[in-house]
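Report on the structure given below.
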Amino acid sequence: MGDNQTINHFPNHYELTRKDLLVKNIKRYRKDLEREGNPLAERGEGPGKYLHLDFIPVTFVLPADYNMFVEEYRKSPQSTWIMKPCGKSQGAGIFLINKLSKLKKWSREARNPFNPNLTKESYVISRYIDNPLLIGGKKFDLRLYVLITSFRPLKAYLFKLGFCRFCTVKYDTSIQELDNMYVHLTNVSVQKHGEEYNSLHGGKLSVQNLRLYLESTRGKAVTEKLFANISWCIVHSLKAVAPVMANDRHCFECYGYDIIIDNKLKPWLIEVNASPSLTSTTVNDRILKYKLIDNIVSLVLPSDGVPDVRWNKCPSQEAMGNFELLIDEELAYQDERENPTKYKSSHGKWK
Amino acid sequence: MEKEKLAAEQRASGGRAKKAKNSCQEVRDEEEQVTTAVASDRAQQLQGMAEKLSLEIQGMSNYKQLYSEIQRIVASSAVKKDDFKNTLLEALKREGLETELRNTVFHWMRSQRLDKPKEQANVYGADLSYLKKAQMQWERRIQKSLNSMCNELNIPLARLRSAADRDELAEKWNELSTCDFDLGQYRPLFAPKDFLEVLFSLRDPTFKKQPNELNWEFSHIQIKVKTLAQLRDAYEELSRGEPLLGVNGNVASSLGHCPNLEAERIHLGEKVLKANQAPVAQEFLKRGCPRALRGRLWSLVLGSVVRDADADYYDELKAMVLQYDLMVDKLIIKDVQLTASNDDQYFVFEDLLYKTMLSFSRDSEVLPSVTRDKCAGGQVIHAVLQGKPATLENTLVFPPSGVIPFHGFTMYATPFCYLYDDPCAIYFTFRAFYLRYWFRLHTVSSHEQGIVAVCLCFERLLQCHEPELWAHFRNLHIPPVKVVFKWLMRGFSGHLPPEQLLYLWDLVLAYDSLEIVALLAATILSFRKDNLMQVNTVHNVEAVLADLSSIKVMPLLQLSLLRD
């Protein structure tokens, strides 16, 4: 590619966006930090519990980690697990499991997928977040947009206008409803087909309104902590994949982060999407997507609007529009050298 | 420093708070009389007032609880027989009951102020009885269309609910959106535009119509409304240019230990809540309320803090919904569906709103406030239960609240869903707010807080301060009120984003007035003047004003109130 060309993907973005690879990278990232003796990797009580890096549900890749899964499953046989095909999106092929026998039955029916030679498709199985935060009795997840202009040094921006996607049906954990995907999956592509789907709001509530609701009903401190934790888990998911990403200077990419908040206001990273839907389901959705695209273009280009690989990728505040800086390692590094004392306090957030 | 601030806030609440304090003293003295039967000199002077107060307080909803609390204290060992007066007062103070008494007197005084419109509202000495007549006609029209809808659909106004129906409703009370109501044939009885037509047709019978006079001005209606200069005096905190929350929370704080204004407001707000004094809370709201404190502060100002008895009462309302099948139920459900369910800011609260609005229709405590109001038409429908003899016990006021819902009625309740998790808290604060303000926005009256006065205030502001815009509208034959009426009638609910709406309602509560709604409407038009001047049809005017998502209420209002 020429110096004046730019492209909206990183070549191996699947390290972040494929469900199995994301899990693998995060597990490796934690181990690496632990080996370094980094305080971030501090463990809590119980095996496998990280105090600060425990932001994805316990997950295994099937068939490869089957034995590890069974071991974990036996520790709490009453919990529910969710199976997702690694390579599919928009809620396709997802189902819930609450008995080991059901998994075995599925594996028989799926013509022995435990032999990797016979099937190409692998699954991830994750502990199902069965205590999601409900608003008006309904479950929701967050769709946030994160723009990366460089992985090494890491430069990431969070779009302030994300939204919550609500299930159309009341949340219900009873066994009978286990197969009702309208209760459990928040994907718009799933919910759209529900009888209760409303095309005027599309089940979408803005993140600003979520914040207003939480601050009013739960208080400011816990709400701020929640949003800080969300930024935290995004930043560390990115740091986990940064070493393996092909960091081409021509590239930028906008990812769709899916996050579920549980009823203790802890955010869980569910998955990261490479080409988040830019079609719109409602009028406000259209305005939001329009702003998103407009802001991305203004942020990834130098002020003269012509792509240039030699540009330092430090956009002005105005160019960022509705994006806010999550992390810029280069700026942080400069800052550290210039003001070694200030660095300690401002960067402490990520320590 | 910060004590001074709080004191200043207390001082600023001025005469009202002081009066409340004095009245509290009276109540205390009066309590003393009741218990000791010894009339001091002071109490004698104030006896008339005190007797009135004690009578009034007995009629208030929290009296029972207050009385039993005081009894408990009197009986406790903290109160000594040999020094009854001092020990009782000491104990009342310690237990926070003194504050409760003060707040009760405050709520009573507030209710007095609204019930008796100030004489100056009718400063021209005009005969405004035609407004009352118009309201009575309007009520009759609504009742007529209610009856004809019943006839058309062949359903009664009221009947006992069938057992099957009752069980289903009871089971799904928390998720009424899953019930399959067949509402295809129901439509709202009226919409804001129908009501506006009623207002446009108001005519002062003694007023001669000029040959070239347009048919839509309110200016001939002789209700006194404030001018911008008077609004500036009334909304002094805004016009003085004091830093407000909702303008910029990051400006420096005047308190040394607070990093910014937002932190300062939170700090002060928490102190106000701790003091538990309603007048101080009302004063506090004037400079914008921090999100996390708003729910509690509003309840305190409105006296709608939920007590055990209230929770029981709320359950009784539910029982009433289950017992009777009223025709308005369908209209209520339809309205929630048409408004909140389709609104991307409120759809998540759909189920909460069904409960709230259905319970509200059964609330007979609402009835006296909306019918006994001097300005109301005061007509109610009596419905006989279907299939029962027309005896007194089979007759009920329809609906028990006396309020017949219209298109958008639900929007008076929606914003409260952002404030509270507890349906009971939503209910009582919504009810208090409605009874104090919103019911005046859908009834024709000469009240200084009524919709006619609000429209008139808007009209005068626009005419005086945006004459160009006024002329532009006039040339296009578009009544300016017409394009803002839906905002006014709903107090902007559903039009402004929730956060901004709550700031506006903070001010309604803080200054205890709906004038701010008229001012905001005029200010938005003024703010969008350049765009409005470029369009020539109603349709395009409405398009310019359709999206209020970028409006920031506090800065805009402060800008319009700041003195030049």
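Select the helices (runs of 4 or more DSSP H) contained entirely in region A:158-253, then report the ones holding at least 2 residues which are open to solvent by 20 Å² or more (accessible area, probe 1.4 Å) and within 30 Å of residue B:177 (Cα to Cα). Break it down stepwise before answering.
On the way: elements: A:181-184, A:188-191, A:207-218, A:220-241.
Qualifying helices (runs of 4 or more DSSP H): A:181-184, A:188-191, A:207-218.
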Determine whether region B:54-74 contains at least one residue that is surrounded by 12 or more Cβ atoms within 10 Å (Cβ to Cβ) and more than 24 Å from residue B:107 (Cα to Cα). yes
Selected residue (only one of B:363, B:343 is within 20 Å of residue B:400 (Cα to Cα) and touching a Leu at 6+ places or on another chain (Cβ under 8 Å)): B:363
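Just checking, how many residues over region A:293-327 are part of a helix (DSSP H, G or I) and either in contact with a Gly (Cβ under 9 Å, 6 or more places away or on another chain) or more than 28 Å from residue A:198 (Cβ to Cβ) (or both)? Spell out how you get there, then give the answer.
Going through region A:293-327, the residues part of a helix (DSSP H, G or I) turn out to be A:293-300, A:318-320.
Then drop every residue that is not either in contact with a Gly (Cβ under 9 Å, 6 or more places away or on another chain) or more than 28 Å from residue A:198 (Cβ to Cβ) (or both), which leaves A:294-300, A:318-320.
Residues that pass the stated criteria total 10.
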For the condition under 26 Å from residue A:3 (Cβ atoms) and either within 14 Å of chain B (Cβ to nearest Cβ) or free of Cβ contacts under 8 Å to residues at least 40 places away in the same chain (or both), what is the one hit in A:298, A:280? A:298
Where residue A:16 falls short, out of the listed (1) among the aliphatic types (A, V, I, L, M); (2) closer than 30 Å to residue A:303 by Cα; (3) outside any helix (DSSP H, G or I): (3)
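Only one residue in A:21, A:96, A:103, A:53 is within 22 Å of the chain's Cα centre (by Cα) and either without any contact (Cβ under 8 Å) to a residue 12 or more places away in the chain or part of a helix (DSSP H, G or I) (or both). Which one?
Values: A:96 fails: either without any contact (Cβ under 8 Å) to a residue 12 or more places away in the chain or part of a helix (DSSP H, G or I) (or both); A:103 fails: within 22 Å of the chain's Cα centre (by Cα); A:53 fails: either without any contact (Cβ under 8 Å) to a residue 12 or more places away in the chain or part of a helix (DSSP H, G or I) (or both).
Result of the check over A:21, A:96, A:103, A:53: A:21.
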Looking at A:290, A:333, which one is more than 30 Å from residue A:191 (Cα to Cα) and among the hydroxyl-bearing types (Ser, Thr, Tyr)? A:333
Could you say which residue among A:196, A:215 is within 11 Å of chain B (Cβ to nearest Cβ) and closer than 25 Å to residue A:277 by Cα? A:196
Please work out if residue B:436 is modelled with pLDDT of 95 or more and open to solvent by 10 Å² or more (accessible area, probe 1.4 Å). no
Quick one: how many residues across region B:361-385 are closer than 30 Å to residue B:128 by Cα, outside any loop (DSSP other than H, G, I, E, B) and open to solvent by 30 Å² or more (accessible area, probe 1.4 Å)? 5
Look at residue A:254 and say whether it is closer than 19 Å to residue A:164 by Cα and modelled with pLDDT of 90 or more. yes
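Residue check: is residue B:385 more than 14 Å from chain A (Cβ to nearest Cβ) and closer than 30 Å to residue B:528 by Cβ?
Details: more than 14 Å from chain A (Cβ to nearest Cβ): yes; closer than 30 Å to residue B:528 by Cβ: no.
Here the answer is no, as residue B:385 does not meet what is asked.
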Residue list for region B:75-110, restricted to those being open to solvent by 70 Å² or more (accessible area, probe 1.4 Å) and more than 35 Å from the chain's Cα centre (by Cα): B:75, B:77, B:80, B:81, B:82, B:85, B:86, B:90
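Condition check ((1) under 18 Å from residue B:420 (Cα atoms); (2) touching an Asp or Glu at 6+ places or on another chain (Cβ under 8 Å)) across all residues:
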site: B:291; (1), (2): yes, yes
site: B:296; (1), (2): yes, no
site: B:302; (1), (2): yes, no
site: B:305; (1), (2): yes, no
site: B:309; (1), (2): no, no
site: B:316; (1), (2): no, no
site: B:333; (1), (2): no, no
site: B:339; (1), (2): no, no
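Residues checked against (1) away from chain A (no Cβ under 14 Å); (2) open to solvent by 10 Å² or more (accessible area, probe 1.4 Å):
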site	(1), (2)
B:466	yes, yes
B:470	yes, yes
B:477	yes, yes
B:484	yes, no
B:487	yes, no
B:498	no, no
List the pairs whose first member sits in region B:296-314 and is over 16 Å from residue B:359 (Cα atoms), whose second member is open to solvent by 40 Å² or more (accessible area, probe 1.4 Å) and hydrophobic (A, V, I, L, M, F, W, C), and whose Cβ atoms are under 9 Å apart, counting only residues at least 6 apart or on separate chains? B:296/B:305; B:299/B:305; B:299/B:306; B:303/B:60
Look through B:237, B:242, B:197 and report the one residue that is assigned to a helix (DSSP H, G or I) and open to solvent by 40 Å² or more (accessible area, probe 1.4 Å). B:197
Restricting to region B:164-193, what's the tally of residues that are modelled with pLDDT of 90 or more, more than 14 Å from every other protein chain (Cβ to nearest Cβ) and open to solvent by less than 70 Å² (accessible area, probe 1.4 Å)? 9
Out of all the residues in region A:56-70, which are touching a residue at least 60 places away in the same chain (Cβ under 8 Å) and open to solvent by less than 20 Å² (accessible area, probe 1.4 Å)? A:56, A:57, A:59, A:60, A:62
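On the basis of being within 14 Å of chain A (Cβ to nearest Cβ) and open to solvent by 10 Å² or more (accessible area, probe 1.4 Å), does residue B:425 make the cut?
On the way: within 14 Å of chain A (Cβ to nearest Cβ): yes; open to solvent by 10 Å² or more (accessible area, probe 1.4 Å): yes.
So residue B:425 fits the description; yes.
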Inside region A:25-39, can you point out the residues that are over 14 Å from residue A:54 (Cβ atoms) and touching a residue at least 40 places away in the same chain (Cβ under 8 Å)? A:25, A:28, A:39
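Output the number of residues of region A:117-141 satisfying the condition of being away from chain B (no Cβ under 14 Å) and modelled with pLDDT of 90 or more.
Of the residues in region A:117-141, 7 are away from chain B (no Cβ under 14 Å) and modelled with pLDDT of 90 or more.
Within region B:139-159, how many residues are surrounded by 13 or more Cβ atoms within 10 Å (Cβ to Cβ) and out of contact with any Gly (no Cβ under 8 Å at 6 or more places or on another chain)?
Step one: list which residues in region B:139-159 are surrounded by 13 or more Cβ atoms within 10 Å (Cβ to Cβ), which gives B:139, B:141-143, B:145-147, B:149-150, B:155-159.
Cutting the leftovers down to out of contact with any Gly (no Cβ under 8 Å at 6 or more places or on another chain) gives us B:141-143, B:145-147, B:149-150, B:155-158.
Count: 12.
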Among the residues of region B:123-154, count how many are without any contact (Cβ under 8 Å) to a residue 40 or more places away in the chain, in a helix (DSSP H, G or I) and closer than 17 Å to residue B:447 by Cα. 2
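On the basis of being more than 23 Å from residue A:148 (Cα to Cα) and open to solvent by 80 Å² or more (accessible area, probe 1.4 Å), does residue A:43 make the cut? I'd like the intermediate steps shown before the answer.
Working: more than 23 Å from residue A:148 (Cα to Cα): yes; open to solvent by 80 Å² or more (accessible area, probe 1.4 Å): yes.
Against the criterion (more than 23 Å from residue A:148 (Cα to Cα) and open to solvent by 80 Å² or more (accessible area, probe 1.4 Å)), residue A:43 qualifies.
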Scan region A:129-157 residue by residue and report those that are in contact with a Pro (Cβ under 9 Å, 6 or more places away or on another chain), part of a loop (DSSP other than H, G, I, E, B) and open to solvent by less than 10 Å² (accessible area, probe 1.4 Å). A:151
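The values are calculated or read from the model by the stated rules, or taken from the named source; none is laboratory data. Bear in mind the structure is a predicted one, so any value in this text is a computation, not a measurement. A quick note on method: Cβ atoms are made from the backbone with ideal geometry, for glycine too, and the neighbour counts reach across all protein chains shown. SASA here: full protein model, heavy atoms, side chains in, ligands and nucleic acids out. Shrake-Rupley method; radii C 1.70, N 1.55, O 1.52, S 1.80 Å.
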